[in-house]
1. State whether the residues of the range 737-745 include one that is surrounded by 19 or more Cβ atoms within 10 Å (Cβ to Cβ) and modelled with pLDDT of 95 or more.
2. Looking at the range 702-714, which of its residues are in a strand (DSSP E or B) and touching a Ser or Thr at 6+ places or on another chain (Cβ under 8 Å)?
3. Give the range 190-225 a look and list any residue that's more than 20 Å from Ser71 (Cβ to Cβ) and of a type outside the set (S, T, N, Q), or say none.
4. Which one is farthest from Val289 (Cα to Cα) among residues in the range 736-767 that are hydrophobic (A, V, I, L, M, F, W, C) and in a loop (DSSP other than H, G, I, E, B)?
5. Taking the residues in the range 448-464 that are in contact with a strand residue (DSSP E or B) (Cβ under 6 Å, 6 or more places away or on another chain) and either of a type in the set (A, V, I, L, M) or modelled with pLDDT of 95 or more (or both) as candidates, determine which candidate is nearest to Thr620 (Cα to Cα).
6. Tell me which residues, restricted to the range 332-378, are among the aliphatic types (A, V, I, L, M) and assigned to a strand (DSSP E or B).
7. Within the range 195-229, track down each residue that is crowded, with 20+ Cβ neighbours inside 10 Å, part of a strand (DSSP E or B) and of a type outside the set (Asp, Glu).
Amino acid sequence: MGFSTLRAGLMLGCALTGVQAAHAQSASDSAPQAGLQDIVVTAQRRVESVQKAAVAITAVSGTDLIRAGISDTTNLQRLAPALSVQPSGGTTSIYVRGVGTQAGNSYAENAVGFNFNGVFIARPTAPSGVYYDLQRVEVVKGPQGTLYGRNATGGAINVLPNRPKLGEVSGDVNVEVGNYQARKASAAINLPLGPIMALRLAGQVVDRNGYLSDGYDDDKGEAGRASLLIKPSSNWSMTLVADYYHQHGKGSGNVLLPSSVAGAPALSARIGGSDPRSVAALQSYAAGVAGPPFCGGLGQLVTSGCVMAPRGDGYMDGDFWGISAQTEGDLGFATLTVIPAYRSSSSNYRSYLPGFMLQVSDRSKQMSLETRLASKDEGSLRYVLGGFYFSEDQSAINYFSQGNLATTLFNPQLRTQSIAGFGQLTYLVSPRLRLVAGGRYTHETRSQTTSLAAGGLPNAVNPPLGAAFTGNLSFNKATWKAGVEFDAGPRSLVYANVSTGFKAGGFFVAAPPNNTFAPEMLTAYTLGSKNRFMGNRLQLNFEGFYWDYKDQQISFVGGVPSSSGLYTQGGVTVNAGKSRIYGTEVELRFAPTQSDQFGATLQYLNGRYNSLKTAVFSNTGAPVPTGCTVTGSRLANPGVNAARFYDTDCSGKPTVYSPKWTLNLDYAHTFTLKNGMKLVAGARTAIKSDFYLNVNFQENEKQAAYRMSDAYLTLEGADRRWELTGFINNIEDRAVLVRAGNRPILNVSYGTLAPPRTYGMRFAYHF
């Protein structure tokens, strides 16, 4: 059935000569023009129109980002159907079509590469505070093992800021106010510094109260960026960029799922997990749960402190900054690009997202250097050749407390070094037919020095810190791409390719030797087409894809050996998964008049784990709730306590964060007023079928099908220098889960919600 569905979709795409593309045209452009407008992208490391790029990509212009109120990666998924983003305390987990990582501690790395201004950012704590004064954002779907390399198994996100311009004084100011006492202001100014230099300064301040009753899910931060362009000749330029972001507030919160605990507040009420009403529901539930004698026996697990309820003392305190210098030189036969960069991340936070406390202090320093040589777009052979170096030093203190029954403290010192060489060739068989081949070879080493204090019974509180243990890993991996491109018409591209990607292996929190996992690999088969018809008024793009995912890194709450030799509860990552993911995506944009634009994107996604077997750990020995088949159990610490392993088989289950159907619709109409001003009315809606949020596959950790809609009304001045927008997002006020997980010991579920209905006014002035 899977192959037949894909085959039918591919045949449809070929018949229409129609791939997935981009929000290339901003429906909110201040001066509507005949036909659809293109957006220029650099996803393939060369400048090209998104409609000419033989790659599955969603590109969103800076104007569209402002109009949609996109201020972070989490909100970006409203405009990119293939993307799912989950905030988690001080980290951000990113998924593309079900491929991603649950980033829960300092060891975690995303499987979707995040790049800012051409610089790869390793830490899942760090992709924050960059969504202002942007040129565009690119979401590249599928493994990017050739041109991007490490940790781009599922794809890549490229955030591109505006660059300085020579000889021009310009800028803009944006101010926004809304409910939840939301206040946001951003500004940018471009200043010429003589004939060969220009400076661009930009900044943003965000201050919003929390969406939850206990103050969590707030947004507070300040960011600044300075960019200096030096262009001594028409052939050479250097752009120096320095950016800084300070994040504070309470951070992401949780809600007790009423499907898990009878009497828990309704999700629509957005009652936070530390709210007395939620805590009372948890205590009522725990009244029927037996505990050990020192916890007061039956019903006293929570009131005795043996199990910690969420509290209201969570916080975020992060500082992120970086510098880069991008040099570009025209050598005549090719363009040379060199990007050295340094980034620093300092993240301190306390969160209760899984229902218990985690407190993290994480410091990371990374250095990178990428050098590329891209040929001119002329001749029969075109190429991109390059080298990449990356190093990161990370130190952290991670403290997890479930109360007086289990605590874990570990302080990893991690070091990563990666070096790679890559190249991609395009050979023109004819003016219309091209062959593509590329490859990358990566050598990566990782090392750790970690001390671990993990406590279960009988030493649950303040367990002794064990002796430091070390570890070293080394990986060598070749990834590649092969494809064909054909211009079926002046504005029609058909392409097919096979590409691979990998995510490096690493460590998880446990005493050696069983504390490592191997790399994961993904091979993607893609057939697509991009088309413009009717005098550039109709765009029809199609993509069919089949992904083969092997040695999949699965993270879950399992049993980890402590330095004492006893097993206790902790985060485990194992190569337990093997899955196949296939589907189609069709994107339609239609501008029947200068004043109207329709858009529709439909994605069909069928993801399933062919093999997924894990050993789930129970501190108390009680059965662990799961939607999978339990094939057996065994004592973890015989003769010491009742802790048990439960072997589970989740093979055949759908991949997480993989709604089978996703439909995005949008429409905008521009009214031209008599005084020369314009009024733009627009709306968009996203419809998704149900999907699981966790590899436990419990029904109460599953998001039901939903629809979420936004609308806006913009008045533009006659001189196009100012605009006033009224907006409303999540009109339905749906309580949509973006993350859910089981709180161990009590075995109840907590979740994180997407933003509620928000509304406000936005004013922009351009000069």
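1. yes
2. Arg707, Met708, Ser709, Asp710, Tyr712, Leu713, Thr714
3. Result: Leu191, Pro192, Leu193, Gly194, Pro195, Ile196, Met197, Ala198, Leu199, Asp214.
4. Out of the qualifying residues, it is Phe767.
5. That would be Ala454.
6. Ala334, Leu336, Val338, Ile339, Ala341, Met357, Leu358, Val360, Met367, Leu369, Leu373, Ala374
7. Residues satisfying the conditions are Ala198, Arg200, Ala202, Gln204, Val206, Arg208, Gly221, Ala223, Arg225, Ser227, Leu229.
Matching residues to (1) crowded, with 16+ Cβ neighbours inside 10 Å; (2) more than 24 Å from the chain's Cα centre (by Cα); (3) modelled with pLDDT of 95 or more:
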site: Thr626; (1), (2), (3): yes, yes, no
site: Pro638; (1), (2), (3): no, yes, no
site: Tyr646; (1), (2), (3): yes, yes, no
site: Pro659; (1), (2), (3): yes, no, yes
site: Ala681; (1), (2), (3): no, yes, yes
site: Arg684; (1), (2), (3): yes, no, yes
site: Ile687; (1), (2), (3): yes, no, yes
site: Asp690; (1), (2), (3): no, no, yes
site: Gln698; (1), (2), (3): yes, no, no
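The values are calculated or read from the model by the stated rules, or taken from the named source; none is laboratory data. Bear in mind that the values here come from a model prediction, so they are computed numbers and not experimental data. All Cβ positions, glycine included, derive from the backbone under ideal geometry; neighbour counts span all protein chains shown.
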